[in-house]
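Below you'll find the structure, written out as structure tokens, and then a few comments.
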Amino acid sequence: MTDTMEAGATVETPVRPVSANDTPDAAGRYNPSAVEPKWRERWEADDLYRVDDASDKPKWYSLTMYPYPSGTLHVGHWYAFAVPDVFARLQRMRGYNVLFPMGFDAFGLPAENAAIRSGRHPAISTFDNITRMREQYRQMGAMIDWSREIASCTPDFYRWNQWFFLRMLERGLAYRAKGAVWWCPKDQTVLANEQVLEGNVCERCGSAVAKRDLEQWYFRITAYAEELLRDAQALDWPERVKTMQRNWIGRSEGARVTFTLETGDGLEVFTTRPDTLWGATFMVMAPEHPLVAKITTPERRAEVEAYVEQTRQETEIERTSTDEARPKTGVFTGAYAVNPVDDERIPVWIADYVLMGYGTGAIMAVPAHDERDFTFARAFGLPIRVVIQPEDGEALDGDTMIEAYHGPGRMVNSGRFDGTSVPEGLPGVIGWLEEQGRGRAAVNYRLRDWLISRQRYWGTPFPIVYCDACGVVPVPDDELPVVLPLDAEFKPTGQSPLTTNETFLNTQCPRCGGPGRRETDTMDTFVDSSWYWFRYTSPDEETRPFDPARAAQWCPVDLYCGGIEHAILHLLYARFFTKVLRDIGLIEHGEPFLRLRNQGMILSAEGVKMSKSRGTQVDPDGLVRAYGADALRLHLMYLGPWDQGGPWNTRGITGMERFIRRVFQVVTETTARPSDGAADDPAALALRRSTHRTIQRVTADLDDFQFNTMVAALNEFVNELMKLKDRPVARTPAWREAVESLVLMMAPSTPYAAEEMWEHLGLPYSVHFQAWPTFDPALTEEEVVEVVIQVNGRVRDKLMLPPDLPETEARDRALASERVREQVADKDITRVIYVPGRLVNVVAR
């Protein structure tokens, strides 16, 4: 056998005979503990799943998010990977050259924290875990091409993280800046905003977090905000994910306007409602705005500084909360600003509901027409001026309003624009601002740049050297990788463990040759997962991150599977990276994943998230030993819709084990029978119809990722075959077609059992080289026969009805006939006689 065997090809190697005590047990029943190791060894010896880049078949790239090597797989891993494996196998049987690779997201805090607890170096524990998990994935029976395996903690992988960083630095997409960042004292590292939960706690460990001012490295993802927003619409992704990304990017159209402070500084604001500029009665700055300290008057300084420190300890979620129970807080700075549209002098406050990272970090407050400003103004006794009056109803009065007015109307108290309709008049207001040099049209985004610095050991070192003479100096490409030293002290100290490793820290400046110091932070591990799928296409490439020709052959990924929890961070970063790689010239496409499907979560039997510490995680190894990998695969598919998940129960797996045994019984008990029955026998035709309808249904369910209903369809078909296996129809060609089709339909879901049964059928190895069965549309149509409709024994109509139509439905259709209704219009129906497939007689008096 060769790597490039076509689907359905005949193998010259004879089928190995099965001995009586080989794979069935002593009673002739299916024995997964013998079958599964047998075929796993054969597949691996034959390189059954090695992908041939030179194949002339159309490509299909299926990918499941690579796992963190935690040490052992739990049923959640199986749920995330075994089910997409079914679809990958389906595509291979459909004639695609399928790439379905595997790797490990091996850098990051979990490995480092585990090493701190155990005293084992993360490099040792990580690779021990990978070895264990690799064996478990093999046990799963997944069609992984292990020759393409990657681990993100190896220098031959992370050197390209460093290479990408340097390319982004050259293009102005990587930069260093000082800012207030969230700091976790337990993990001793910076957290992204998204990793801080309400109550100022770390998403990972639950510890209380606080703000620190640190110099950090960032990727300028905001440069791609518009493209990220625009291109998402065409993706075949769940609408929920696209909505989450759209909201995270947060595009707003409006104008930028500059107010003048008494210090002479300009205070620029972004507003989506420039038509309400005349209604601004105060301004609010973010407490962390750089001008706050400068403009605060001496008598207000102590209160302002205390409020600034208080706000630093609040999360963004808390600061932007719309909960009415949360009181509005703020402090007057003592400063004033001048409104550029009417030269009015208005007070400047600071308040936590204004964020430095959104817009300009300052707002013009229009309490009559913005709810947050209205609540703030009422809380602090600030004036409310109406500048938009609704067309109908009583005129608004700022003194008596109980809520802000957001609707359409006409501008008032707005100088030259009095009487202008809004929102229709917005472009005219913006045009006037631009003509007068008082503002300009603008688009704003909620998206922030990506903070990639982490003060931890187990991650990609930055290729940066700090030199007293040359400043910040990039490491040249020919000196990559900057290797993470294995002798560093990896216990948390509040600074990067690399700062104490003198051999790593002290180096030569690449530019002048003088003494230099390496950057001691490491990269966010989301950098690893933002391009890893490209590496699978050419994992042995040594001179580039990947071979562009191989990437062009395989990418973009056709189907990407993973959890909804990655909707924003990983998936948004992966899209950003792909666009950067396109602009660098490595690839031509701009989106990484054409289709995205999210799995739900497997919960504990109590309906809560599984937890290792609470002992609610389910070990799949014991289930495989007891019931077989195929039974576990089916059980996971049958739990419910894959995208919803559900509570775990072990009872259902016994049903799946029995189902596989019943299929095995059907196949093995009838394989040796001659197909000497009449092919045109009505029972044979009925069986063919059932076979083709099942193929149609199973195919549709797989395409729709409705794995639970796919299993149900197979079960119904097997039930029918069990009833027929001892009848004459089991000796017809239709029976052989039904049994072979059943095994082929089961091959993606139960790869071991299907291979065993295919061998019992005496067919060429391997079932996984065979073509997916197709259905004849003519055989899937509902069978109908002519049924005579009588009234009091006299023929009044003839209808085409299914021969097995239930009596109640046959009665309803007969009575719906216009000719029958004419005959019984003034009569009472006393009885309806139904002979299936022949007649319906309505007795009326």
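Considering only residues that are more than 20 Å from Ile130 (Cβ to Cβ), in contact with a strand residue (DSSP E or B) (Cβ under 6 Å, 6 or more places away or on another chain) and open to solvent by less than 10 Å² (accessible area, probe 1.4 Å), which ones fall in region 70-97?
Let us first name the residues in region 70-97 that are more than 20 Å from Ile130 (Cβ to Cβ), namely 79, 83-84, 86-97.
Restricting the remaining residues to those that are in contact with a strand residue (DSSP E or B) (Cβ under 6 Å, 6 or more places away or on another chain) gives 79, 84, 88, 91-92, 96-97.
Answer for region 70-97, where residues must be more than 20 Å from Ile130 (Cβ to Cβ), in contact with a strand residue (DSSP E or B) (Cβ under 6 Å, 6 or more places away or on another chain) and open to solvent by less than 10 Å² (accessible area, probe 1.4 Å): Tyr79, Pro84, Ala88, Gln91.
What do you reckon, is Glu759 at pLDDT 95 or above and in contact with a helix residue (DSSP H, G or I) (Cβ under 9 Å, 6 or more places away or on another chain)?
Details: at pLDDT 95 or above: yes; in contact with a helix residue (DSSP H, G or I) (Cβ under 9 Å, 6 or more places away or on another chain): yes.
Taking the combined requirement at face value, the residue satisfies it.
Which of the residues belonging to region 574-588 are in contact with a Pro (Cβ under 6 Å, 6 or more places away or on another chain) and of a type in the set (Val, Ile, Thr)?
Result: Thr578, single match.
Select from region 612-652 the residues that are open to solvent by less than 70 Å² (accessible area, probe 1.4 Å) and aromatic (Phe, Trp, Tyr) and write down the one among them that is modelled with the lowest pLDDT.
Taking region 612-652 first, the residues open to solvent by less than 70 Å² (accessible area, probe 1.4 Å) are 615-616, 618, 620-624, 626-637, 639-642, 645-646, 648-650, 652.
In the following step, the residues that additionally are aromatic (Phe, Trp, Tyr) were identified as 627, 642, 648.
Numbers: Tyr627: 96, Trp642: 95, Trp648: 89.
If we take residues in region 612-652 being open to solvent by less than 70 Å² (accessible area, probe 1.4 Å) and aromatic (Phe, Trp, Tyr), then Trp648 is modelled with the lowest pLDDT.
What are the pairs, 6+ residues apart or on separate chains, where a residue within region 719-743 that is closer than 12 Å to Glu669 by Cα and surrounded by fewer than 18 Cβ atoms within 10 Å (Cβ to Cβ) has its Cβ under 9 Å from a residue that is modelled with pLDDT of 95 or more and of a type in the set (Lys, Arg)?
Met722/Arg662
Could you check, for region 515-522, whether at least one of its residues is closer than 27 Å to Thr189 by Cβ, open to solvent by 10 Å² or more (accessible area, probe 1.4 Å) and of a type in the set (Lys, Arg)?
Looking for residues that are closer than 27 Å to Thr189 by Cβ, open to solvent by 10 Å² or more (accessible area, probe 1.4 Å) and of a type in the set (Lys, Arg), one finds at least one in region 515-522, hence yes.
Going by what's in this entry, would Thr691 be described as open to solvent by less than 60 Å² (accessible area, probe 1.4 Å), farther than 30 Å from Asp619 by Cβ, of a type in the set (Ser, Thr, Tyr) and assigned to a helix (DSSP H, G or I)?
Values: open to solvent by less than 60 Å² (accessible area, probe 1.4 Å): yes; farther than 30 Å from Asp619 by Cβ: yes; of a type in the set (Ser, Thr, Tyr): yes; assigned to a helix (DSSP H, G or I): yes.
Yes.
Out of Asp128, Asp187, report the one residue that is part of a loop (DSSP other than H, G, I, E, B) and either of a type in the set (Val, Ile, Thr) or modelled with pLDDT under 95 (or both).
On the way: Asp128 fails: part of a loop (DSSP other than H, G, I, E, B).
Testing whether each residue is part of a loop (DSSP other than H, G, I, E, B) and either of a type in the set (Val, Ile, Thr) or modelled with pLDDT under 95 (or both) leaves just Asp187.
As an exercise: evaluate Arg120 against (1) outside any loop (DSSP other than H, G, I, E, B); (2) at pLDDT below 95 and give the number of the one condition it does not meet.
So Arg120 meets the others, but not (1).
Could you list all residues from region 273-302 that are in contact (Cβ under 8 Å) with a residue 24 or more places away in the chain, surrounded by fewer than 16 Cβ atoms within 10 Å (Cβ to Cβ) and assigned to a loop (DSSP other than H, G, I, E, B)?
Result: Thr297, single match.
Say we look at region 459-500 and pick out the residues that are more than 27 Å from Pro545 (Cβ to Cβ) and of a type in the set (S, T, N, Q); which of these is least open to solvent (accessible area, probe 1.4 Å)?
Taking the candidates together, the pick is Thr499.
Give the residues of region 618-656 that are touching a Gly at 6+ places or on another chain (Cβ under 8 Å) and in contact (Cβ under 8 Å) with a residue 60 or more places away in the chain, sorted by residue number.
So in region 618-656, the residues touching a Gly at 6+ places or on another chain (Cβ under 8 Å) come out as 629-630, 633, 635, 638-647.
Result: Ala629, Asp630, Arg633, Tyr638, Leu639, Gly640, Pro641, Trp642, Asp643, Gly645.
I'd like to verify a number: residues in region 748-766 that are surrounded by fewer than 24 Cβ atoms within 10 Å (Cβ to Cβ) and not in a helix (DSSP H, G or I), how many?
6
Can you tell me which residue within region 767-779, out of those that are part of a helix (DSSP H, G or I) and at pLDDT 95 or above, is nearest to Ala88 (Cα to Cα)?
Looking only at region 767-779, we keep the residues that are part of a helix (DSSP H, G or I), and these are 767-769, 777-779.
Those left that are additionally at pLDDT 95 or above: 767-769.
Values: Val767: 15, His768: 11, Phe769: 13 Å.
It comes out as His768.
I'm told Leu261 meets every condition in (1) free of Cβ contacts under 8 Å to residues at least 24 places away in the same chain; (2) hydrophobic (A, V, I, L, M, F, W, C); (3) closer than 27 Å to Phe380 by Cα except one. Can you identify the failing condition by its number?
So Leu261 meets the others, but not (1).
Filtering region 666-696 down to residues that are farther than 16 Å from Ala778 by Cβ and charged (D, E, K, R), which residue is modelled with the lowest pLDDT?
Top of the filtered list is Asp676.
Could you say which residue among Leu498, Leu486, Leu447, Leu433 is modelled with pLDDT under 95 and either part of a helix (DSSP H, G or I) or of a type in the set (Val, Ile, Thr) (or both)? Can you show your working first?
Details: Leu486 fails: either part of a helix (DSSP H, G or I) or of a type in the set (Val, Ile, Thr) (or both); Leu447 fails: either part of a helix (DSSP H, G or I) or of a type in the set (Val, Ile, Thr) (or both); Leu433 fails: modelled with pLDDT under 95.
Just a single option satisfies the conditions, and that option is Leu498.
Report yes if some residue within region 239-247 is open to solvent by 10 Å² or more (accessible area, probe 1.4 Å) and part of a loop (DSSP other than H, G, I, E, B); otherwise report no. First the steps, then the outcome.
Narrowing region 239-247 to residues open to solvent by 10 Å² or more (accessible area, probe 1.4 Å): 239-240, 242-244, 246-247.
With part of a loop (DSSP other than H, G, I, E, B) added as a condition, the list becomes none.
No, that holds for no residue.
Anything in region 767-789 that is surrounded by fewer than 16 Cβ atoms within 10 Å (Cβ to Cβ), more than 19 Å from Thr694 (Cα to Cα) and not aliphatic (A, V, I, L, M)? List them, or say none.
Residue satisfying the conditions is Glu786 alone.
Of a type in the set (A, V, I, L, M) and within 50 Å of the chain's Cα centre (by Cα): does that describe Leu761? Even if it seems obvious, please write down each step before you answer.
Details: of a type in the set (A, V, I, L, M): yes; within 50 Å of the chain's Cα centre (by Cα): yes.
Against the criterion (of a type in the set (A, V, I, L, M) and within 50 Å of the chain's Cα centre (by Cα)), Leu761 qualifies.
From the list Arg456, Arg440, which one is of a type outside the set (Gly, Ala, Ser) and part of a loop (DSSP other than H, G, I, E, B)?
Values: Arg440 fails: part of a loop (DSSP other than H, G, I, E, B).
The conditions single out Arg456.
Just checking: which of the strands (runs of 3 or more DSSP E) contained wholly in region 305-382 hold 2 or more residues that are free of Cβ contacts under 8 Å to residues at least 60 places away in the same chain and farther than 27 Å from Val429 by Cβ?
The qualifying strands (runs of 3 or more DSSP E) are 331-338.
Go through region 639-688 and give me each residue that's more than 24 Å from Gln599 (Cα to Cα), of a type in the set (S, T, N, Q) and part of a helix (DSSP H, G or I).
Gln665, Thr668, Thr670
What number of residues within region 415-435 satisfy the criterion of being more than 19 Å from Thr258 (Cα to Cα) and either in contact (Cβ under 8 Å) with a residue 40 or more places away in the chain or open to solvent by less than 80 Å² (accessible area, probe 1.4 Å) (or both)?
Number of matching residues: 7.
Need a quick list: strands (runs of 3 or more DSSP E) entirely within region 506-575 having at least 1 residues that are hydrophobic (A, V, I, L, M, F, W, C) and touching a strand residue (DSSP E or B) at 6+ places or on another chain (Cβ under 7 Å). Steps first, please.
On the way: elements: 506-508, 515-518, 559-563.
Fully inside region 506-575 and qualifying: 559-563.
Sort out which residues of region 110-169 are over 24 Å from the mean Cα position of the chain (by Cα), aliphatic (A, V, I, L, M) and open to solvent by less than 10 Å² (accessible area, probe 1.4 Å), and write them in order of number.
Of everything in region 110-169, those that are over 24 Å from the mean Cα position of the chain (by Cα), aliphatic (A, V, I, L, M) and open to solvent by less than 10 Å² (accessible area, probe 1.4 Å) turn out to be Ala115, Leu166, Met168.
For Glu565, indicate whether it is open to solvent by 40 Å² or more (accessible area, probe 1.4 Å), at pLDDT below 95 and of a type outside the set (Ser, Thr, Tyr). Show your work before the answer.
Details: open to solvent by 40 Å² or more (accessible area, probe 1.4 Å): yes; at pLDDT below 95: yes; of a type outside the set (Ser, Thr, Tyr): yes.
So Glu565 fits the description; yes.
Are there any pairs with C-beta distances below 9 angstrom linking a residue in region 225-244 that is under 19 Å from Val557 (Cβ atoms) and touching a residue at least 12 places away in the same chain (Cβ under 8 Å) to a residue that is assigned to a helix (DSSP H, G or I) and open to solvent by 70 Å² or more (accessible area, probe 1.4 Å), with the two at least 6 apart or on different chains, and if so which?
What qualifies is Ala232/Arg246.
Step by step: first the residues of region 576-595, then only those that are in contact (Cβ under 8 Å) with a residue 24 or more places away in the chain and assigned to a loop (DSSP other than H, G, I, E, B), then the one that is most open to solvent (accessible area, probe 1.4 Å). Which residue is that?
Per the criteria, the residue is Glu588.
The values are calculated or read from the model by the stated rules, or taken from the named source; none is laboratory data. Predicted, not measured: the structure shown is a model, and the values here were computed from it. Because the Cβ atoms are built from the backbone with ideal geometry, glycine has one as well, and the counts that use them run over all protein chains shown. Heads up: the accessible areas ignore ligands, DNA and RNA and are worked out on the full protein's heavy atoms, side chains in. Shrake-Rupley method; radii C 1.70, N 1.55, O 1.52, S 1.80 Å.
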